[in-house]
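Input: a single structure, listed below in structure tokens.
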Amino acid sequence: MDRRKFMAGCLGGGLGLPLLAEAGGAQAQAGLSKIIFPFAAGAGGDTLCRLIAQEMAPVLQRTIVVENRTGGDGLIGIKAVKGANSDGSMVLVTTGPTMYLLPMVETTPSFDTAKDFMPVSLLARFEFAVVIGPAIDAADFKSFVAWLKAHPDKTSFGVPSNGTIPHFMGSKLEKDLGIPLTRVPYRGSAPILNDLIGGHLSFGIVTLADALPQHRAKGVKVIAVSSAERSPFAPEVPTLKESGIALVADAWYGMWLPAGSPPEFASKLGAAASAALAKAEVKEKLTAIGLIPVGSSPDELTKELAANTAFWQPIVKATGYKIEN
């Protein structure tokens, strides 16, 4: 698989200039002016970065810049921070799946998350959804499974790209349901939703945030969400677990520093990010775009990454999917 076809389908009062000086002197004082986000501007992760930057600026008495270093399935931005000085000059904000799936699917991993990065905080979660179009005669997930079994020639499903969580969710569904499914990779969620509305596709697996506007407008129907609990954004929709599928597959945005950064600095930065995410106005803006604010310690981020890696590694390995470096 060519790399171009693989895509990842994102401060409080105790953090001031003296803390930056502890983290690496003059370079650190100038360094936190850049948050590197490895995907395009305008989507949820980019908004998250800019909200955090806005909260940082008054505390640091400077403008905080969010830089979108896109390309290479997120690797351009990730490698920029991997190779940066460990003085706080660059902070990485990216999706969790980018940090654990890319090393699994590359023939030669470009980075080692544990060795190349210092964890800071899990910032926000987002969910995935199984979505059908108006042409499908199914009221819920179980009746949709029955529909698939009755229409074996119409089992194509869309994913935002190959090698993503939706890709591997589809693989897990195929195994658990015992129904041959045909994966169709798209460039993002929007064309999937368009094809569902047009009756050209049986179902799609996309982020819930992307599906909600059309779900609420009755253009498509979300029949299951991948989170452990029902989503606060669509509480009427059952989880996959409720529907008989042993799969929990939410995703999240995290924050990292380059390896070698002082652990005390990472801890204080994580605590400060958590304080920002706890603000009512920040919560309101994030939930409006389908993100669930979290904020965590570095240890909690490390545990989340390890749990996700352990869960997805056998699923990914079983597919045999790889991309060439």
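The values are calculated or read from the model by the stated rules, or taken from the named source; none is laboratory data. Keep in mind that what you see is a predicted model, and the values were worked out from it rather than measured. So basically every Cβ, Gly included, is an ideal-geometry build from the backbone, and we count neighbours across all protein chains shown.
Brief remarks follow.
- Here G133 fits the description: crowded, with 21+ Cβ neighbours inside 10 Å and among the small types (G, A, S).
- Against the test of being at pLDDT 95 or above, not assigned by TED's automatic domain parsing to the domain that holds I35 and not aliphatic (A, V, I, L, M), the options T113, T182, T164 yield a single qualifying residue, T182.
- Checking each residue in segment 266-291 for being under 16 Å from the mean Cα position of the chain (by Cα) and surrounded by 19 or more Cβ atoms within 10 Å (Cβ to Cβ) picks out L286, G290, L291.
- Residue in segment 246-255 that is under 18 Å from A53 (Cβ atoms), of a type outside the set (S, T, Y) and crowded, with 22+ Cβ neighbours inside 10 Å present: yes
- Subset of segment 53-73 [in a helix (DSSP H, G or I) and either touching a Leu at 6+ places or on another chain (Cβ under 7 Å) or among the charged types (D, E, K, R) (or both)]: E55, M56, V59, L60, D73
- Boolean, A280 is at pLDDT 95 or above and under 21 Å from M118 (Cβ atoms): no
- Some residue of segment 110-121 being among the charged types (D, E, K, R) and part of a helix (DSSP H, G or I): yes
- Which listed residue is under 20 Å from A43 (Cβ atoms) and at pLDDT below 95, from G270, G320, G290, G254: G290
- Of everything in segment 88-102 that is of a type outside the set (V, I, T) and not in a helix (DSSP H, G or I), the residue that is modelled with the highest pLDDT is L92.
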